[in-house]
Amino acid sequence: MLAGKKGLVVGIANDKSIAYGCARIFNREGAELAITYLNDKAENHVRPLAEGLGAPIITPLDVQNEDQMDRLFDAISSHWGKLDFVLHSIAFAPGDDLHGRVIDCSRDGFLTAMDISCHSFQRLAKRAEPLMKDGGALLTVTYMGSERVIDHYGVMGPVKAALESVTRYMASELGPKNIQVHAISPGPLLTRAASGIAEFNSLMNTAQSRSPGRRLVTIDEIGELAAFLASDRSRGITGDVIHIDGGYNIMG
């Protein structure tokens, strides 16, 4: 499904990451990947996974570091000369702001959460656009806390709502260039990022008990959806928030 395509995956922390589940399916479907890691500490966990997928580009990327982002896209341009898809699967808010009330969130905490979790998707898209000469796909990862109040999700709810709005606007702006933009909304999964949310085990138990199939989705199932959205088979879809949560989002 992705034979001959070149893709960038941002957000792998370990083998439980949604981004890794997606990268594994991208690779299985024939894509060649550029994979990033956050810092030296993360490299020890990410590099073996990236090497296992045969990624020719493995490089650090702190999305708040513009020089690193420029070097990443310079490497992609020189190595491939094009890019077919990007997966943005990162989110962060400072702990005190994440665990408190939205109304109590500090200005710095809110700006940090928005910059890393939302605006970084726009910055990746801006750099990817000139490399997508024949069209492409930009994918990000959101969560149902953008649509309704989820206990303990706090400031990330408004931030994810902004990310979904950005997805729609970028889809409109980039559509004439045959670049699709998608927001994937998985159900709760025990990832490194999710472990920072208070009472997350309770959230997972609720989702499992209330979803029609009485189970949680897997990172491989999310990867199957991401691979479809990155492929030419999904050209009629753009700007949508696509739930993959076993139907949990339909339950009142």
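Just for segment 68-104: of the residues that are out of contact with any Ser or Thr (no Cβ under 8 Å at 6 or more places or on another chain) and acidic (D, E), which one is farthest from G21 (Cα to Cα)?
In this case the residue turns out to be D104.
Tally up the residues in segment 58-84 that are among the charged types (D, E, K, R), within 20 Å of the chain's Cα centre (by Cα) and in a helix (DSSP H, G or I), please.
Summing the residues that are among the charged types (D, E, K, R), within 20 Å of the chain's Cα centre (by Cα) and in a helix (DSSP H, G or I) in segment 58-84 gives 2.
Could you please let me know if F121 is open to solvent by less than 20 Å² (accessible area, probe 1.4 Å) and at negative phi?
Judged against the criteria, F121 is a match.
If you check S234 against the conditions, is it modelled with pLDDT of 90 or more, more than 19 Å from Y20 (Cβ to Cβ) and not basic (K, R)?
Considered against the rule, which asks whether it is modelled with pLDDT of 90 or more, more than 19 Å from Y20 (Cβ to Cβ) and not basic (K, R), S234 comes out as yes.
Please work out which one of (1) more than 28 Å from G136 (Cβ to Cβ); (2) touching a His at 6+ places or on another chain (Cβ under 9 Å) is the condition N44 fails and give its number.
The single condition N44 does not satisfy is (2).
Specify the residue that is farthest from K5 (Cα to Cα); the eligible residues are those in segment 63-105 that are open to solvent by less than 40 Å² (accessible area, probe 1.4 Å) and polar (S, T, N, Q).
That would be Q68.
Being in contact (Cβ under 8 Å) with a residue 60 or more places away in the chain and among the aliphatic types (A, V, I, L, M) is the filter; apply it to segment 21-49 and report the residue that is surrounded by the most Cβ atoms within 10 Å (Cβ to Cβ).
Looking at residues that are in contact (Cβ under 8 Å) with a residue 60 or more places away in the chain and among the aliphatic types (A, V, I, L, M), I get A23.
Is there any pair with a first residue in segment 240-252 that is at pLDDT 90 or above and β-branched (V, I, T) and a second that is in a loop (DSSP other than H, G, I, E, B) and open to solvent by less than 40 Å² (accessible area, probe 1.4 Å) whose Cβ atoms are under 8 Å apart and which are 6 or more apart or on different chains, and what are they?
V241/T142; I244/G187; I244/V217
Taking segment 93-110 on its own, how many of its residues are assigned to a loop (DSSP other than H, G, I, E, B), of a type in the set (A, V, I, L, M, F, W, C) and closer than 12 Å to G157 by Cα?
1
Within segment 229-252, track down each residue that is of a type outside the set (S, T, N, Q), crowded, with 19+ Cβ neighbours inside 10 Å and over 25 Å from N201 (Cα atoms).
If the condition is that a residue be of a type outside the set (S, T, N, Q), crowded, with 19+ Cβ neighbours inside 10 Å and over 25 Å from N201 (Cα atoms), then L229, A230 are the ones that fit.
Could you identify the single residue in G21, G7 that is assigned to a strand (DSSP E or B) and within 22 Å of S185 (Cβ to Cβ)?
G7
Does G52 qualify as being in contact (Cβ under 8 Å) with a residue 24 or more places away in the chain and not polar (S, T, N, Q)?
no
The values are calculated or read from the model by the stated rules, or taken from the named source; none is laboratory data. Predicted model only: the values in this text are computed from it and were never measured. Don't worry about glycine lacking a Cβ; one is built from the backbone with ideal geometry, like all the others, and counts go over all protein chains shown. Just the protein is used for accessible areas: all its heavy atoms, side chains included, with ligands, DNA and RNA removed. Shrake-Rupley method; radii C 1.70, N 1.55, O 1.52, S 1.80 Å.
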